[in-house]
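Each remark here refers to the structure printed beneath this line.
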């Protein structure tokens, strides 16, 4: 079996439990796989204490330095009393561990529920939370983690899909044309925005990566943390029509600007970043298609209907990118 294509094929329960026991845990044999496709994440039962969470990193995705930058960023946030879940430290400071050729990290189990961010109060609370993250994120750059941008999230992913023949032959010309048009519009959005500051971000700030408790929200996964514009961590919390999103962004920014300034020109990037994410998402699934977990999780991928829907989706995004950006009251 090709481990480049099936990188977790040898990650057996025995290897998982042995890895945790090697760093001092007395496991009780209970192992629960949690919802994660990029990496493998497990809840591990312990004999005399609460369960822990172990994340085994997908081989060859990130360098050790890039993973450690993620760990260091979350530790900075925790040190500033920002509610995030950061990896536990071993031997005083070590957070990235290795066993049987697999890199992993260990986290405390964190309770909470995926939030419904459906009120002005919750939106402002989330805005304050993200503003605090960005105030820390702006203090210094990542050195080993890439930027979110047109090349990495648009040009390279779309070329991968086309060059590897994921697009059905009868849709290939249409898809290629619509991608070129969409990326042209993305470039125009960036030109209208002008010079935008790039900071350290969560990078994948959607409700599924947020847990809400009575004490408020906290993030649990910084695996996709990158450099990019602040609006990247805000737009995924918006939904509905233009009027609804306008109200939502006003409440988000009311909280956000308590802790960090916001450049309103970044609103020109909102639909551009959504477009890039849509392109990148299809390529992400395609690149993992030989991992057995992906066909099971995404059975609708790579059908003719899937690509027809993506073409319609991109046409809709082109129309949105050609509209005026959302407006909010300063």
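The values are calculated or read from the model by the stated rules, or taken from the named source; none is laboratory data. In this text, all values refer to a predicted model and were calculated from it rather than measured experimentally. Ideal geometry is used to build each Cβ from the backbone, glycine not excepted, and the neighbour counts take in all protein chains shown.
Tabulated data
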| quantity | calculated |
| --- | --- |
| Some residue of the stretch 174-192 being on the phi > 0 side of the Ramachandran plot, assigned by TED's automatic domain parsing to the domain that holds residue 135 and buried (at least 16 other Cβ atoms within 10 Å of the Cβ) | no |
| Subset tally (residues that are in contact (Cβ under 8 Å) with a residue 24 or more places away in the chain and more than 16 Å from residue 188 (Cα to Cα)) for the stretch 303-314 | 6 |
| Single residue of 180, 121 found to be in a helix (DSSP H, G or I), under 19 Å from residue 313 (Cα atoms) and out of contact with any strand residue (DSSP E or B) (no Cβ under 8 Å at 6 or more places or on another chain) | 180 |
| Matching residues in the stretch 233-251 - criterion: being surrounded by 17 or more Cβ atoms within 10 Å (Cβ to Cβ) and more than 15 Å from residue 325 (Cβ to Cβ) | 233, 236, 237, 251 |
| Elements of type strands (runs of 3 or more DSSP E) in the stretch 1-62, at least 3 residues being out of contact with any helix residue (DSSP H, G or I) (no Cβ under 8 Å at 6 or more places or on another chain) | 27-33, 40-46 |
| Pairs with Cβ under 6 Å, 6+ apart, first in the stretch 12-35 and on the phi < 0 side of the Ramachandran plot, second assigned to a helix (DSSP H, G or I) and surrounded by 14 or more Cβ atoms within 10 Å (Cβ to Cβ) | 27/17; 27/20 |
| Residues of the stretch 183-211 satisfying the condition of being touching a helix residue (DSSP H, G or I) at 6+ places or on another chain (Cβ under 6 Å) and closer than 22 Å to residue 316 by Cα | 183, 185, 186, 189, 192, 193, 206 |
